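No lab work stands behind these numbers, since they all come straight from the coordinates. Keep in mind it's a predicted model, so treat the numbers as computed, not measured. We place every Cβ from the backbone using ideal geometry, glycine too, and count neighbours over all the protein chains shown.
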Amino acid sequence: MNPLSAEEWGIVALSLKVSLVAMALTLPVAYAVAWLLARRRFPGRMLLDALVHLPLVLPPVVTGWLLLLLFGRSGPVGQWLDSWFGITLPFRWTGAALAAAVMALPLMVRAMRLSIEAVDRKLVGAARSLGAGRWRAFATITLPLSLPGVFAGGVLGFARSIGEFGATITFASNIPGETRTLPLAIYSGLQVPGLEGEVARLAVISIVLSLLALLASEYFMRRAAGGRMHAF
Amino acid sequence: MHFDIDIAVQRGEREIACRIAADTNLVALVGSSGAGKSSVLDAIAGLLRPMRGRIAIAGETLFDSDAGIDLPPEARRAGYVFQDLRLFPHRRVRANLTYGEKPGGWIGFDEVVALLDIAPLLDRWPATLSGGEAKRVAIGRALLSAPHFLLLDEPLASLDPARGEEILATIESIRDELGLPILHVSHDASEVARLTDIVVRID
């Protein structure tokens with residue numbers, strides 16, 4: 001007996017796709033921002049820090065509205081994407097991924113920044129004196145030693161993406177099969193009488209996914225704090 | 001001239017001045033703890049920028065504030081044995097040793113392993129090494145990077161007398177047989193007296 005209908009599986013699959021793409025997009029950006037904030041002192045550092053954290057404190061609807069202003073068909077970035085690459089984001093699953101990515105960014109940056117700050121800079125100095133240039137020292141010392149934070153941030157961001165609601169519904173709307181992810185489907189189900197069963201099943205899936213992500217991120221953060229990385 | 005160094009290094013509020021002009025292979029740098037000996041070594045290795053001055057070792061100018069020369073650390077070819085060793089925790093001993101290995105260096109992997117007696121350690125993680133073992137690995141790692149000179153920061157600290165004697169003998173053979181310029185930081189007068197007559201004091 002299949003516990004979920006084909007439509008419900010479709011919702012789960014769409015949610016996973018949106019969140020995975022959001023993660024793939026955000027990981028390198030988040031790591032670069034985390035590295036800048038952890039290792040560099042530059043003018044505008046406080047501003048960057050505040051900007052990255054903004055989605056954490058803004059009402060998600062406002063974040064979604066800002067995304068519409070920027071990436072909408074008539075927005076500056078949206079126009080540019082449309083005319084150069086033929087990419088449209090609003091009302092598409094890619095737009096849902098962008099909204100999820102922006103909302104996940106602060107959590108990911110925080111986790112990664114902590115783990116980069118925990119890497120002893122003296123080790124980087126040792127690598128340099130052994131003949132490694134900046135890039136090799138980064139790739140062989142800072143990056144591998146901060147990997148637990150990258151995993152933790154990724155998992156945390158993934159969980160945040162799975163649960164994203166406000167920015168997504170504002171920016172990408174609630175289109176079945178295109179942008180109706182788990183939380184949007186649950187919300188829609190609640191609007192219609194008689195769908196209590198579907199709502200409950202989707203809610204259980206959300207809870208399980210979130211719990212798994214939380215446990216995984218906790219595991220990686222513990223490893224980062226332990227500092228003794230024999231498995232690498 | 002093996003060592004031609006005249007620098008001023010900022011360390012917190014203080015300014016540390018260090019002058020070394022010597023033609024011997026091994027120069028000892030002494031001074032009370034906290035005097036800034038390690039800062040001087042960091043400046044020579046390129047990990048800390050001096051406020052002004054000039055650093056030339058074995059005929060190569062590494063830093064010259066007047067001439068605008070400031071080689072990055074990876075171009076200075078320093079074999080730096082740090083006081084806190086700084087072995088890479090995520091690499092086994094073998095991978096630590098080969099991190100800076102240069103093909104055609106003046107000493108090979110097998111030679112270093114034999115010289116320092118570290119063959120049984122090659123597959124261990126740094127976190128599992130004793131103080132003396134870790135120290136020998138750090139020295140081996142520095143030697144394998146085919147350095148043009150050595151910076152040894154308290155290389156005998158935290159070693160038992162027997163191990164200390166072995167390391168001391170190793171340093172002497174590097175000094176005599178390889179003719180490599182060595183800057184040796186220590187607070188132990190007898191250790192210094194045995195290695196060299198040229199002692200530079202930092203206060």
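Worth pointing out:
- To the nearest ten degrees, helix B:131-144 and the longest principal axis of the Cα atoms of chain B are 70 degrees apart.
- Within 10 Å of the Cβ of each residue in B:67-75, the mean number of Cβ atoms contributed by other protein chains is 3.
- Hydrodynamic radius (Kirkwood) for chain A, which is based on Cα pairs only, to one decimal in Å: 19.2
- Relative contact order %, chain B, counting alpha carbon pairs below 8 Å whose residues are six or more apart: 30
- Of the residues A:P183, A:P28, A:P55, the one that moves most in a GNM of chain A with alpha-carbon contacts below 10 Å is A:P28.
- On Cα atoms only, tilt of B:161-173 relative to the major axis of chain B in degrees: 60
- Mean-square fluctuations from a GNM of chain B, with a 10 angstrom spring cutoff on Cα atoms, peak among B:F149, B:F63, B:F109 at B:F109.
- Percent breakdown of C-alpha pair distances by 20 Å bin, ordered from the shortest bin, for the protein assembly as shown: 22, 39, 25, 13, 1
- Placing +1 on the Cβ of every Lys and Arg and -1 on the Cβ of every Asp and Glu, with nothing else charged, gives the range A:6-226 a dipole about its Cα centre of roughly 1260 debye.
- Note: relative contact order over chain A, using C-alpha pairs below 8 Å and six or more positions apart, is 28 percent.
- Hits among aspartates and glutamates - C-alpha to C-alpha of B:K135 under 15 Å, sequence gap 8 or more where chains match: B:D84, B:D117, B:D153, B:E154, B:D160, B:E165, B:E166
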